[in-house]
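Below is one structure, written out as structure tokens, with a few remarks after it.
A short reminder: the numbers here are calculations on the coordinates, not readings from a lab. For clarity, every value in this text was computed on a predicted model and none was experimentally measured. Here Cβ is always computed from backbone atoms with ideal geometry, including for glycine, and neighbour counts include all displayed protein chains.
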Ligand SMILES: [Zn+2]
């Protein structure tokens, strides 16, 4: 059985549930998805079980789940999701009960980090930091080849480091969290502010003259056209991103930083300034090996693929 078994990987995000059947080498064998009933915990669980039943075969040995929020990996309970209504959701026991399969639950950025380490941009390294820049900022740490979960599974909630006391309000209840200043949401906000301040701005024109509609997509488009305001927004968000990463590298000493999430469609518009400020802000840059800051390779698939790989790894440990 060892070496041939597969696992189901399920990524539960705020808008969509992705479910894959995944082979040991990370290959996605089959896939399905459904919208997340985000305001209904029971239906969220039921949808996860339905997708798993749809993809399940006799080769499936375990289920891995990556969920957005603070996941207690010791008992598979999602304790708190800052941007969603979920509180104390007993994912592991419910899914295990419905499917009769071992079930491992982690934070979705943790599972994505593990996937990038095993099969993506972190391949070949033992110490990997993943930073996902989407609506918010998530993170995952692989230390010496193992996912670093902390005491409960709450490690690497990096988006909620306060970098500007009294700054913009965050979904977690605090002000000035890193994710409010360097994420896709921050780029959206800066774009709206810039468009509001200038009636003739490119951003405003791209959004059909509707200020409320200005988003990161328009900022990216304007920056690609060489618009200086949009380039300044990326310079600012990238600087904040790079400074935050420098702080994390000072703490964790990874060999590589993989940057994923929706905002990396902007590519070097964001990563360029992030690299520059990172290398400036990290401690003793001339006295340490250069830490590459690279784009993630697995895109939206990473969360579910990593969840499946972690479920198989956990199974191996239990059976050893
Ligand atoms: Zn926060």
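Things worth noting here:
- Cα gyration tensor, the range 196-240 - rounded (a/c under 1.5), prolate or oblate: prolate
- Largest mean-square fluctuation among 295, 182, 34, in a Gaussian network model of the chain whose springs join Cα atoms under 10 Å apart, belongs to 34.
- Each 10 Å bin, from zero up to the one with the longest distance, holds this percent of the alpha carbon pairs of the range 52-170: 13, 39, 34, 12, 2, 0.
- The range 146-192 and the range 200-255: distance between their alpha carbon centers, rounded to Å: 16
- Subtracting the Cα-Cα distance of residue 123 and residue 75 from 0.36 nm times their residue separation leaves 14.4 nm of extension gain.
- Here the label points at residue 151 and residue 212, each 7 Å from Cα along the C-beta direction, are separated by 4.6 nm in the simple model.
- Packing-based order for 54-63, 212-221, 105-114, using average beta carbon neighbours within 10 Å, highest first: 105-114, 212-221, 54-63
- Looking at the chain alone, DSSP beta bridges between its own residues are antiparallel in about 60 percent of cases.
- For the range 241-320: rounded, prolate or oblate by the Cα gyration tensor [a/c cutoff 1.5]: oblate
- Distance between the 7 Å Cα→Cβ label points at residue 253 and residue 4: 4.4 nm.
- Spatial offset of the range 282-320 relative to the range 69-89 amounts to 21 Å, using the alpha carbon center of each.
- Convex hull volume of the range 146-186 per residue (C-alpha atoms, cubic angstrom): 86
- Of 26, 261, 69, the residue with the greatest mean-square motion in the GNM of the chain, using alpha carbon springs below 10 Å, is 26.
- When the convex hull of its Cα atoms is projected in every direction, mean area for the chain (nm²): 16.8
- The range 195-295 - convex hull of the alpha-carbon atoms, volume per residue in Å³: 100
- Take the Cα of residue 15, go 7 Å toward its beta carbon, and the backbone nitrogen atoms of the range 284-305 under 14 Å from that spot belong to 300.
- The chain, relative contact order in percent, only Cα pairs under 8 angstrom and at least six apart counted: 20
- Footprinting exposure proxy for 41, 283 (fewest neighbouring C-beta atoms within 10 Å first): 283, 41
- For the chain, a Gaussian network of Cα nodes joined below 10 Å ranks 138, 167, 184 by mean-square fluctuation, and the top entry is 167.
- In this simple spin-label model, placing a label point 7 Å from the Cα along the Cα-to-Cβ direction at both residue 295 and residue 162 gives a separation of 3.6 nm.
- Computed E for residue 46/residue 319 - FRET, C-beta separation, R0 30 angstrom, nearest 0.05: 0.50
- Looking at the range 1-136 alone, DSSP beta bridges between its own residues are antiparallel in about 60 percent of cases.
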